[in-house]
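To keep things clear, I will list the structure first and then write my remarks on it.
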Amino acid sequence: MTDASPSVAGPDTGPEASTAAASRPDWRAAILNRRMLICIFTGFSSGLPLYLLLNLVPAWLRTEGVDLKSIALFALVQFPYTWKFLWSPFLDRYALPWLGRRRGWMFAMHVALIVSIATLGFLAPQERIWTIAYLAAAVAFFSASMDIAMDAYRREILPDHELGLGNSFYVNAYRIASLVPGSLALILADRLPWSSVFTITALFLLPGLVMTLVVREPAATDAAPRTLRDAVVLPFQEFIARSGWRHAALVLLFIFLYKLGDSMATALATPFYLEMGFTKTDIGIVAKNAGLWGSVAGGMAGGLWMVKIGIDRALWIFGVVQMVVILGFAWLSTVGAPNLYALGVVVGAEAVGIGLGTVAYVAFIARATDPRFTATQFALFTSLSAVPRTLVNATTGVLVEHLGWFHFYLLCTALALPGMLLLLRVAPWTPAPERGPAQR
C-alpha cells in the first residue's frame, strides 16, 4: 500500500521506489472496482441452481407425496457438475452470434435456466415425475455450462493480485445464494402455489442476466482455438509443456489433496451432530448458521488478506488453519452431554477455516489456467477438485464404523498433511513475484 510519509531523501526514495509503490496492490482499489461486483453477480448466479436442486426440489417432491427412493435418485442429476470438462472445449472453441465468446454463453444459459426452473413448478410430481427428472437434469446441465463460461470470464478479467479477493467474493455470493431456494422459497411455499415459488426463485437470476448485457467481453477471448481439436488437445499440451509433466502431475495431485481432509471431515457432519445428542433444531439453528456465516467471514477475511500476502503464502497459512480446526470435531466427540456453545464454536471455527482455505485454493486453480484455454482448464481442475466429495467421501461411513468419531477426525487431520507438503513444490513460501501461468 502506498504510504504518505514525508518526502525525505533516502534509500526508499527515487524513481525505483515510486515504481515499486505504484505496483504494490492496494486493498481499497482492489475492493472498489466493478470486477469485484461482477464476481458477486457470477457467484450468486452459479450457486442458485445448484442449491435449488439440492434443497428446493427434494422438499417440493416430498411435500407432493413422492417416495424417498425416487427423491434419492434425483441426486444423479448433479453429474453434469462433475463431468463438465467434457464439453468445456466446445465453449472454448465456439462463440454464439451475439455478445462474444464468454458473454454469449453466459446470456444463453441464464435464459435457459430461468425458463427451465420456472417450468418445473407447473408440473405435477405424481403425474410427471420423469419429465421433472429430465428437466432437473437439464437445469444441472445449463448450470454447469454457465459455470464454465463464468469461471473463464472471471479468470480473464481479474489480474493475478486480485484473484484471491475476487474469488472470495464469488465463493461467498455462491454460498449466500443458498438462502433463496433453501430458505426464502420454502417460506413462500407455505403461502403460495409451487408454480409461483419456482417462478420467483428463477427471477433471482435476472441480476446476473442484466450484468451479462452491461459488462464487456474480456480481451483474452480474442485468442480462441481455431478448431475443436485444438480446443481439446492444446489445453493439455500447454499445461504439460509449461513446466514439464512432473510439475503438471504435482499440481494435479495438489488440487486433489489440498481439500481432502476437511472435505472428509464434513461429509458426515449432520449424522455426527445427531449421534452426539444434538436435536434437529440445534443443528438447524446453531450449526447451519455458524457454518454459513463462519465460511462467509473466513472467505472475506481470506480474500482481503491475500491482496497483501499473495496466493502462495495464503495457501500455507490458510491450509494450516483449515487443518487444525478439524481437531475441534475430535474434541467435540469427547465432550459428552450436548453443549450448544461447544457446537457453535467448533462449527464456526471449522467454517472459517474452510472459508479461508477455499478462497486460496480457488485462486490457485484460477492462476493455474492459461488465458487461451481458460474454460477447458478451469473446468478440468474444478472437476478434479470435486473427486474427493464424490468418491473418497463415500468411504467415510466405513471408516467411522471401524475407527469411531474421535480417531476418524484425527485421520482427517492427518490426510490434510500431504496436500500441505506438496506446497513445497507447487507454491513455495518465498515465491517469486506473483506470475501468470505462462511464466510458471
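Taking the solvent-accessible surface of protein heavy atoms with a 1.4 Å probe, what is the per residue accessible area of region 250-392 in Å²?
Heavy-atom accessible area per residue stands at 35 Å².
By the equivalent-ellipsoid construction on the alpha carbon gyration tensor, region 281-409 comes out with semi-axes of 30, 19, 13 Å, ordered largest to smallest. Since only Leu165, Phe239, Ile317 are under comparison, the one whose Cα sits farthest along the positive direction of the charge dipole of the chain, derived from C-beta charges on Lys, Arg, Asp and Glu, is Phe239.
The separation of region 128-148 from region 283-312, counted between C-alpha centres, amounts to 30 Å. Both radii come from the Cα set of region 177-331: Rg as radius of gyration, Rh as Kirkwood radius; their ratio Rg/Rh reads 1.06. Candidate membrane-span-like segments in the chain, meaning DSSP H helices with Cα atoms spread over at least 27 Å of their own axis and a Kyte-Doolittle mean of 1.0 or above, are 340-367, with no membrane implied. Only protein atoms count toward the accessible area here, which uses a 1.4 Å probe; on region 168-219, the carbon and sulfur part of that area reaches 69 percent. Rounded to the nearest whole angstrom, the semi-axes of the ellipsoid equivalent to the chain, taken from the Cα gyration tensor as √(5λ), stand at 35, 29, 22, largest first. Both the radius of gyration and Dmax for region 226-299 are 20.7, 60 Å, in that order, over alpha-carbon atoms. The Kirkwood radius of region 172-254, taken over pairs of alpha-carbon atoms, gives through the Stokes-Einstein law at 20 °C and 1.002 mPa s a diffusion coefficient of 123 µm² s⁻¹. Each 5 Å bin from zero holds the following percent of Cα-Cα pairs in region 166-214: 5, 19, 22, 22, 17, 10, 5, 1.
Calculated [222 nm] ellipticity per residue, helices only, for the chain: -22000 deg cm²/dmol; basis is -39500 (n - 2.57) per DSSP H run with n ≥ 4, divided by all residues, nearest 500. Dividing the Cα radius of gyration of region 277-337 by its Kirkwood radius returns 1.10 for Rg/Rh.
The modelled label-to-label distance between Thr227 and Leu384, using points 7 Å beyond Cα along the C-beta direction, is 2.6 nm. In a DSSP loop and with at most 14 other Cβ atoms within 10 Å, the GluC sites (Glu not before Pro) in region 126-211 are Glu127.
Averaging over all projection directions, the Cα-based convex hull of region 41-136 occupies 6.9 nm² in the image plane. When restricted to Cα atoms, region 102-246 yields an Rg and a Dmax of 18.8, 59 Å, respectively. For region 331-377, the alpha-carbon coordinates run over 56, 13, 13 Å along the three principal axes, in decreasing order.
Measure out, as a whole number of angstrom, how far apart the alpha-carbon centroids of region 159-212 and region 243-265 sit. About 30 Å separates the Cα centre of region 159-212 from the one of region 243-265. In a fully extended conformation the segment linking Asn339 and Ala297 would gain 12.8 nm over its present Cα-Cα distance, using 0.36 nm per residue.
Could you check how much of the accessible area of region 263-365 is carbon and sulfur, as a whole percent, using a 1.4 Å probe? Heavy-atom surface of region 263-365 belonging to carbon and sulfur, 1.4 Å probe: 71 percent.
The values are calculated or read from the model by the stated rules, or taken from the named source; none is laboratory data. Given the structure is predicted, the values throughout are model-derived calculations rather than measurements. In this analysis, Cβ positions are derived from the backbone assuming ideal geometry, glycine residues included, and neighbour counts consider all displayed protein chains. Each accessible area value is taken on the protein alone, full model and side chains, heavy atoms only, with ligands, DNA and RNA left out. Shrake-Rupley method; radii C 1.70, N 1.55, O 1.52, S 1.80 Å.
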